[in-house]
Amino acid sequence: MRQLLSLFLLLFMPLVALADGMVIPTVAFPAKITIPDQRALICFSNGTERLVIETRFTGSGTNFAWVVPLPGQPVIEEATTGLFPTLEYLFRPEIVHEVPHYYSGILALIGIGYLLLFVRPSGRLIWPDMAACICVGVAAATSSQHDIFNAGAFSIVTLILFCDVLLIRIVQRRTFAVLGLTLLGFGLLAALLLPTLGAASRETASPTAGETVSILDRKLVGIFETTTIASHDAKALQTWLLENGYVVPTNSEPVIESYVKDGWVFVAAKIRRDDAAPNTSTPHPLSFTFKTDKPVYPMRLTGLGNQPLSIELYVFSASRAAAPPFKEESCTQPNIVHPLLNQWTAGFPIATKLKATLSPSDMRHDVWLEQTPFLFEHQSRLFSWQGALTTALNWGTGFFAIGLAAVCFLTFASEKPKRPLVRSVGAVIVASVVLAGVVDLSLPKIEVRLEKGFFRIQLKQEQIALSMVLDDGGWRNVAEARSALQNATSNPTNAVVYGFNDWDNHLVGGQIREEDSPGNYLLRETNNQLQFVTFGNDGGEFVARNWGLPARHQTP
């Protein structure tokens, strides 16, 4: 009996404490990082807006055209490809995964409380006795992340407590003598096993539309060829777009005419890609800075495509931003250290992330942003399936404990004929299950992947490994150095050589790559030196290494 009790305590003790503060926790991340159809950064102050747009092109071919209407003639600049991955990571929703198992403690208290208060020598067993044992057994079954361990804990805890009930009910032993000895053993063994359990957890174009179309500006911006045009004639402007290779929908004339009437200009951008396959391309974003009385995100031309679009807006201004039907995902007072983001958002104290999937009818109007007072910080929360279930069970068992106490008090305090206690307890159980189900269904969920808390160390090790690739030499210029790093990261077996399994970037998703975003790197040529620049989880850059560039071969 003593050996069986010791084994029971070994399994039961994780209910008391799981591990000490030295345990490296797991961190939950979205299982799949999805990129919306469009992402935009809006910075607005004193009648000037900076609008940075990242859009995606899907289809076959190598040439794509893009037309953006704006309230005023813009200054167009290239944005880096890491701008929006950095924003996505910095403003990611909180993922609730590791939720304390309060329900297990409540069940244990209910079960043990019943056994201490109501189990007395009587010569027969009743069904609540077994229910109380099962309550404590279920609590024990949540003490570990290992299913086999939990199943064993449930079986042994339930069996031992049932044996205690038999000793009290049938063998006529005293309640506090039997259960008190068991609970005392729990406490003593806890002091002995807690360090061991903690250690185990640690292991674990040329215009032909005539003079009615004015070309205000034409320039190359990154991989885009941009032309800013204006006109007082909607038909002439539409003709110019068609003649210069910009396919516009047949029903676009009323929209273009409305923009022309309001004095808007149009930025027509062309892009060429090398791959003609029907893939989705996400080129570097473009930044447009222009005058406007109110911050705006133009949507009416995009809305003519007759398909829903997923859009994310990051708005930096002096106050909170709102734009129905967009939903606010977060509103914070950020500390931006990413070089380009810091340059463009400096002086804007409030950042609001808005997100929506817009139908064609939603895009019949441009998105005009409203400024509202900033009262408090807000960050959206998503639950893993485990986190949602644990939260629901906490609510359900909490309600059950309160309801059970209320039923017992009303039943035994009332002088009127007592309603059957079993029926009342059954009603409380049903209500608790319903509440838990409602809570679970109402919580927003997301599939997650779990990373050990030291995954940031792996990212640092990956960056060190890439600098070692460059140390091996063999490259003569930046292009060859870039090719050497791409060849290294394209083969997972190369990662094994440096002591890890892959080249994954666990912060922003995908493989580690040349991009100014958390966990990635850049190669930069400056002062006849090659700089290897890494980016931390806050988006800040760090010059990790410098190499002198070999002397260039001179032609005779």
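The values are calculated or read from the model by the stated rules, or taken from the named source; none is laboratory data. If you're wondering where the values come from, they're calculated on a predicted model, not measured in any experiment. FYI the Cβ positions are ideal-geometry reconstructions off the backbone, even for glycines, and counts take in every protein chain you see.
Spot the failing condition for Met130; the list is (1) buried (at least 17 other Cβ atoms within 10 Å of the Cβ); (2) in a helix (DSSP H, G or I), and only one is missed.
Among (1) buried (at least 17 other Cβ atoms within 10 Å of the Cβ); (2) in a helix (DSSP H, G or I), the lone unmet condition for Met130 is (1).
Thr34: under 27 Å from the mean Cα position of the chain (by Cα), assigned to a loop (DSSP other than H, G, I, E, B) and at pLDDT 85 or above, yes or no?
On the way: under 27 Å from the mean Cα position of the chain (by Cα): yes; assigned to a loop (DSSP other than H, G, I, E, B): yes; at pLDDT 85 or above: no.
Spelling it out, it is not the case that Thr34 is under 27 Å from the mean Cα position of the chain (by Cα), assigned to a loop (DSSP other than H, G, I, E, B) and at pLDDT 85 or above.
For segment 291-339: of the residues being outside any loop (DSSP other than H, G, I, E, B) and among the hydroxyl-bearing types (Ser, Thr, Tyr), which is surrounded by the most Cβ atoms within 10 Å (Cβ to Cβ)?
As a first pass, look at segment 291-339 and keep what is outside any loop (DSSP other than H, G, I, E, B): 291, 296-297, 302-305, 309-317, 320-322, 327-332, 339.
Adding the requirement that they be among the hydroxyl-bearing types (Ser, Thr, Tyr) leaves 297, 302, 310, 314, 317, 330, 332.
Working: Tyr297: 21, Thr302: 23, Ser310: 15, Tyr314: 27, Ser317: 21, Ser330: 20, Thr332: 16.
Filtering first and then ranking leaves Tyr314.
Name the single residue, out of those in segment 190-240 being among the small types (Gly, Ala, Ser) and under 21 Å from Asn251 (Cβ atoms), that is modelled with the lowest pLDDT.
Ranking the candidates gives Ala209 first.
Confirm whether Ala405 is in a helix (DSSP H, G or I), at pLDDT 80 or above and either in the same structural domain as Ile112 (by TED's automatic domain parsing) or within 18 Å of Arg513 (Cβ to Cβ) (or both). Spell out how you get there, then give the answer.
Working: in a helix (DSSP H, G or I): yes; at pLDDT 80 or above: yes; either in the same structural domain as Ile112 (by TED's automatic domain parsing) or within 18 Å of Arg513 (Cβ to Cβ) (or both): no.
No.
Please find, within segment 340-386, the residue that is surrounded by the fewest Cβ atoms within 10 Å (Cβ to Cβ) out of those that are part of a loop (DSSP other than H, G, I, E, B) and among the charged types (D, E, K, R).
Step one: of segment 340-386, the residues part of a loop (DSSP other than H, G, I, E, B) are 346-349, 359-361, 365-366, 369, 373-377, 380, 384.
Restricting the remaining residues to those that are among the charged types (D, E, K, R) gives 366, 377.
Working: Asp366: 19, Glu377: 11.
Among them, the one singled out is Glu377.
Pairs needed: first member in segment 68-87, more than 16 Å from Ile215 (Cβ to Cβ); second member anywhere, of a type in the set (Asp, Glu) and modelled with pLDDT of 95 or more; C-beta distance under 6 Å; at least 6 residues apart or different chains.
Sorted first by the residue in segment 68-87, then by its partner, the list stays empty.
If you go through segment 102-117 one residue at a time, do you hit one that is of a type outside the set (Val, Ile, Thr), farther than 30 Å from Ala392 by Cβ and modelled with pLDDT of 85 or more? Walk me through how you get there before you give the answer.
From segment 102-117, those of a type outside the set (Val, Ile, Thr) are 102-105, 107-109, 111, 113-117; that's our starting set.
Cutting the leftovers down to farther than 30 Å from Ala392 by Cβ gives us none.
Among the residues of segment 102-117, not one is of a type outside the set (Val, Ile, Thr), farther than 30 Å from Ala392 by Cβ and modelled with pLDDT of 85 or more, which makes the answer no.
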